[in-house]
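Laboratory data are not the source of any read-out in this text; all were calculated from the coordinates shown. From a predicted model like this one, the values you see are computed outputs, not experimental measurements. Here the Cβ positions follow ideal geometry from the backbone for every residue, glycine too, while neighbour counts run over all protein chains shown.
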Amino acid sequence: MANESRNLSEILSRGPLRPAKLSHVVLRTANVQPMRAWYLTALNGHVQYEDTTVCFLTYDEEHHRIGIVQIPGVTNEEGTGPGLEHISFAYKDLGELLANYRRLESLGITPYWTINHGPTISMYYRDPDKNRVEFQYDIFATAASANQFIERNYGENFMGIIFEPQEMIRQYEAGMSIEDIVKRPKLPAGKTAWDMHRA
């Protein structure tokens, strides 16, 4: 957009920053297949992407509404059991996501994980009860484009690439194109998708 402000202080001055939508819920499990079957049936949904440890499914145009993740080490024993992995809220543009990061940082609230998933730029936080909350920016303008990215790239790396928020803010405020800022790099040599995960 020609009139888009690249000054995060100006974005913050417009009024309270609020998510544009509740994006998705991700569930942690010790056994992905029964959970997959239940949610596909209960929501009359379809799979967007899956492998032996993850299943992203939806019932509408969103790239995923429910994520089911069989994280290494999760069992049905107390303390390591299944449950809510995270809930996700989407911001309307990258500037609002980054301005919200700066707002929270000024209040002493910082993310434990910042990652370019490919379809989203995502920042993960913990609430006081240690529930995980994702704030994200949807990179693609259409669900079809996001789904094409998933189909082409998730076989190699379904997790994403970790990024440094301050560097992204520097690039954003310097006027770098949004397309260049959000382009997901390849996995570093010798790394797997799980090396990009932060619990």
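Values as computed for the structure displayed
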read-out: Over region 69-169, relative contact order from alpha-carbon pairs under 8 Å, at least 6 apart, %; value: 27
read-out: Dimensions in Å of the chain - Rg and Dmax from alpha carbons; value: 17.1, 54
read-out: Value of [θ]222 nm, deg cm²/dmol, for the chain, DSSP H segments ≥ 4, -39500 (n - 2.57) each, nearest 500; value: -8000 deg cm²/dmol
read-out: For region 141-199, the Rg and Dmax computed from alpha carbons only, in angstrom; value: 13.2, 34
read-out: Kirkwood hydrodynamic radius of region 20-136, from inverse mean 1/r over distinct Cα pairs, in Å; value: 15.2
read-out: Relative exposure of Leu94, Leu107, judged by other C-beta atoms within 10 Å (fewest first); value: Leu107, Leu94
read-out: Tensor-based shape of region 92-133 (alpha-carbon gyration tensor, a/c under 1.5 rounded, otherwise prolate or oblate); value: oblate
read-out: Neighbour cut-off at most 10 other Cβ (10 Å), DSSP loop, GluC sites (Glu not before Pro), region 87-192; value: Glu156
read-out: Trypsin sites (Lys or Arg not before Pro) restricted to region 1-30 and DSSP loop, no more than 11 other C-beta within 10 Å; value: Arg14
read-out: Cα-based convex hull volume of region 58-116 per residue, rounded to whole Å³; value: 133
